[in-house]
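Structure first, commentary second.
The values are calculated or read from the model by the stated rules, or taken from the named source; none is laboratory data. Computed from a prediction, not measured in an experiment: that's the story for all the values here. Quick reminder, even Gly has a Cβ in these numbers, built from the backbone with ideal geometry, and neighbours come from all protein chains shown.
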Amino acid sequence: MQYFLHETVVVDQGCEIGNGTKIWHFTHIMAGSKIGENCNIGQNVVISPKVILGNNVKVQNNVSVYTGVICEDDVFLGPSCVFTNVINPRSAVVRKGFYIGTRVCKGATIGANATIVCGNDIGEYALIGAGAVITKPVPPYALVVGNPARQTGWVGEYGHKLEFDDNGISICPESGQKYRLLNGAVERIS
């Protein structure tokens, strides 16, 4: 395997790290984690045991990714965002083994300082605004902001807000990709 680890990185036994991945200062990759190819993991990041990161995942500085989280390919985790894995944590009550999972689907972006409460999956290409607190599942292509987070629109795969015509069609101004809004859901049609 060919990947880069800064000299201050700690990688526990039993981890898998894909080719082309770079892991920076003071980061800890814990036992049993799987990190795909061409990922970039910033400084002061914790990847807890058995976390799975797909290919081309970008994890910015000071992010905590706890056991039970799966990030599919092309996910972006903004600076200081955090995941939870227990719905009702207590210091004196041990809940290891009762973690609630969260999936971040392909191409989704989670903004700086956002909090993802466990058990709330993030759909493909969804965009979570900075500081948002996710307390319910987020549909594919949804734009959500605030605390608690509320959906304010839709975005395409390039992250631009989609404006739909009377026929429910939107075209991304950057990529030219076409999207359809139908029955409260968005799909890419070209």
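When the residues of the range 78-104 are narrowed to those that are of a type in the set (Lys, Arg) and outside any strand (DSSP E or B), which ends up surrounded by the fewest Cβ atoms within 10 Å (Cβ to Cβ)? In this case the residue turns out to be 96. Residue 119 meets all of the listed conditions (1) in contact with a Pro (Cβ under 9 Å, 6 or more places away or on another chain); (2) free of Cβ contacts under 8 Å to residues at least 40 places away in the same chain; (3) more than 27 Å from residue 42 (Cα to Cα) but one, namely (3). Total residues in the range 123-150 satisfying the condition of being touching a Phe, Trp or Tyr at 6+ places or on another chain (Cβ under 9 Å) and in a strand (DSSP E or B): the figure is 3. State all residues of the range 112-122 that are closer than 19 Å to residue 73 by Cβ and in a loop (DSSP other than H, G, I, E, B); if no residue qualifies, say none. Once the filter is applied, which keeps residues that are closer than 19 Å to residue 73 by Cβ and in a loop (DSSP other than H, G, I, E, B), the range 112-122 yields only 121. For first residues located in the range 63-86 and among the acidic types (Asp, Glu), partners that are not in a loop (DSSP other than H, G, I, E, B) and lie 6+ apart or on another chain with Cβ distances below 9 Å form the pairs 72/52; 72/53; 72/103; 72/104; 74/58.
Taking residue 45 as the residue in question, decide whether it is closer than 18 Å to residue 32 by Cα, crowded, with 21+ Cβ neighbours inside 10 Å, among the β-branched types (Val, Ile, Thr) and within 12 Å of the chain's Cα centre (by Cα). In short, no.
Selection over the range 179-190 of residues that are on the phi < 0 side of the Ramachandran plot and either in the same structural domain as residue 124 (by TED's automatic domain parsing) or surrounded by fewer than 14 Cβ atoms within 10 Å (Cβ to Cβ) (or both) gives a count of 5.
When residue 153 is tested against (1) touching a residue at least 12 places away in the same chain (Cβ under 8 Å); (2) part of a strand (DSSP E or B), exactly one condition is not met: (1). Taking residue 72, is it in contact with a strand residue (DSSP E or B) (Cβ under 7 Å, 6 or more places away or on another chain), surrounded by 17 or more Cβ atoms within 10 Å (Cβ to Cβ) and of a type in the set (D, E, K, R)? Yes: the conditions hold for residue 72. Total residues in the range 43-59 satisfying the condition of being within 15 Å of residue 14 (Cα to Cα) and in a loop (DSSP other than H, G, I, E, B): the figure is 4.
The set of residues in the range 1-42 that are aromatic (Phe, Trp, Tyr) and either in contact with a Phe, Trp or Tyr (Cβ under 7 Å, 6 or more places away or on another chain) or assigned to a loop (DSSP other than H, G, I, E, B) (or both) comprises 3, 24, 26.
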